[in-house]
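Data block below; observations after.
The values are calculated or read from the model by the stated rules, or taken from the named source; none is laboratory data. Values in this document were obtained by computation on a predicted structure and should not be read as measured data. Glycine also receives a Cβ, built like all others from the backbone with ideal geometry; neighbour counts cover every protein chain displayed.
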Amino acid sequence: MSHCSSELIIMVVEENDVKQATIVNILKAIGLHHILSVSSGQDCIDMIKNYPLPVNIVFSHLDMDGMDGIELLRHLGEQQLAESFALIEFNDFAILRTLEDMAEQLGLSILGCVEQTFTQENIEMILDRYYVHHNKSDPEEYGDMPTQAEIIEGLANNQFITWYQPKVQIDTGEWFAAEALSRWVHPERGMIYPTQYIPVLEELGIVDKLTWSQIHVIAENLRHWLSLGKKISVSINISPSMLNDRLLANKLTEVTNRYNISQDQMVLEITESMLMENLANSLETIARMRLQGFTLSMDDFGTGYSNLHQLERMPCSELKLDKSLVTGAHENPVRCVILESNIGMAKKLGMKTVGEGVETVEDWFILKQLGCSIGQGYLIAKPMPANELLAWSEEWSLRYTKIINDQK
Ligand code: C2E
Ligand code: CA
Ligand code: CA
């Protein structure tokens, strides 16, 4: 069942009257009130321009007389007329990947394809994806960007906290690790997400302040979980500038010694772009961290930021397959091929693979089928405060059993 809000504004562009009416009726049955419909790309542009509110999703055929769907997509993006796009009756996945990249460049997202059978379930899935992409359940994402001064003040006042997103073994469902993700609890604005402040902290050259305070909190939590008999590892996102610090490994070892936890409980996530700053320093730091027993993980693999070439010089033992490859992979044979070859290559190199962005049972089973070792994503859990993890793990073991049984 979709959790969509009746407030969404939808545009349907379809030449064929019967198909147009079918889609509009399904959207109405789902409970949407604001549905516009037209039969050409040009009409779509004209109507949106005269409509008082921004359009959230445009459903359109690609193959149309006059302006085709690709041109429509470009106009919508360039003129910022809509937020996202769904393709009606389209099933060429190689072209879909190109269109997704094109849309991303234009600041739009492609939510998926309406199958020829026109089912309510399929359309609900597209609407659900809109919420995931646009994080609409988190309205703060859409507030004004915080200023540099506010960010510095927030840091000085310790307003940043650490949340955890569980990582589980795909073979068994076992919870054994988590990724630390920071959150800013602003006294007036509420929760602010890292994409709104990490780049600013990086630019100001002070992201290490945030990371170090986080590392102490993580060490304390790891100690606490150990005392409860739960040995897990935590992944920490390391910004590029931190790799320039040749003492990074030694400082991390001091922390693990102080809290009496082992080095292999800390996984450091890095991306390719990081190595660019000062390659010699970065490689020295990386080699020393590995030598001292920390685990290294290549983040966002499969995006422009991490690629095959990097693996040659990076002693990583884990490869994180980016969510843009994983989410919705079962619908896209091209992505499945890319995933399969990345997973196979990682295996040959003796690396574990983590599939990020596992949002549905279908995502889970495709990763399982392709031999991916670890899963992370909203299906398993959204990021949460440390004190909720144990209760989540109980709920998850029941849910995992059900997922497996339902599949049989
Ligand atoms: P990332 O390292 O790729 O982290 C994963 C992001 O994907 C997180 O976003 C997480 O909430 C989100 N995510 C997890 N599962 C799913 C899913 O199933 N579907 C979708 N659509 N998204 C999912 P978040 O927490 O907003 O963090 C964004 C980025 O900010 C992170 O991307 C990471 O690069 C950076 N970041 C977060 N915390 C820190 C930090 O403490 N230090 C540094 N240097 N960077 C951080
Ligand atoms: Ca990460
Ligand atoms: Ca990532």
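For the range 185-199, the condition of being under 25 Å from Arg399 (Cα atoms), surrounded by fewer than 19 Cβ atoms within 10 Å (Cβ to Cβ) and more than 16 Å from ligand 2 (Cβ to nearest atom) holds for none of the residues. Residues considered: Leu243, Leu279. Of these, the only one that is within 16 Å of ligand 2 (Cβ to nearest atom) and either within 28 Å of the chain's Cα centre (by Cα) or modelled with pLDDT of 95 or more (or both) is Leu243.
One residue alone among Leu398, Leu390, Leu349 is in contact (Cβ under 8 Å) with a residue 24 or more places away in the chain, closer than 25 Å to Lys231 by Cα, surrounded by fewer than 16 Cβ atoms within 10 Å (Cβ to Cβ) and of a type outside the set (Phe, Trp, Tyr), and that residue is Leu390. Looking across the range 284-303 at every residue that is polar (S, T, N, Q) and within 16 Å of ligand 1 (Cβ to nearest atom), the one that is surrounded by the most Cβ atoms within 10 Å (Cβ to Cβ) is identified as Ser297. Checking each residue in the range 104-125 for being assigned to a loop (DSSP other than H, G, I, E, B) and touching a strand residue (DSSP E or B) at 6+ places or on another chain (Cβ under 6 Å) picks out only Leu108. If you go through the range 126-149 and keep only what is part of a helix (DSSP H, G or I), modelled with pLDDT of 90 or more and among the hydroxyl-bearing types (Ser, Thr, Tyr), you end up with nothing.
For (1) among the aliphatic types (A, V, I, L, M); (2) within 16 Å of ligand 3 (Cβ to nearest atom); (3) closer than 21 Å to Glu312 by Cβ; (4) not assigned by TED's automatic domain parsing to the domain that holds Glu388, each residue gets a yes or a no:
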residue	(1), (2), (3), (4)
Gly205	no, no, no, no
Pro240	no, yes, yes, no
Gln265	no, no, no, no
Leu279	yes, no, yes, no
Ala287	yes, no, yes, no
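Residues in the range 144-184 that are among the basic types (Lys, Arg) and surrounded by 20 or more Cβ atoms within 10 Å (Cβ to Cβ): Lys167 alone. Only residues that are under 17 Å from the mean Cα position of the chain (by Cα) and not charged (D, E, K, R) were counted across the range 318-365, and they come to 18.
Which members of the range 183-196 meet the condition of being touching a residue at least 40 places away in the same chain (Cβ under 8 Å) and closer than 19 Å to Glu269 by Cβ? Scanning the range 183-196 gives Arg183, Tyr193. Note on the range 167-179: among residues that are assigned to a strand (DSSP E or B) and more than 9 Å from Pro383 (Cβ to Cβ), the one that is nearest to ligand 3 (Cβ to nearest atom) is Lys167.
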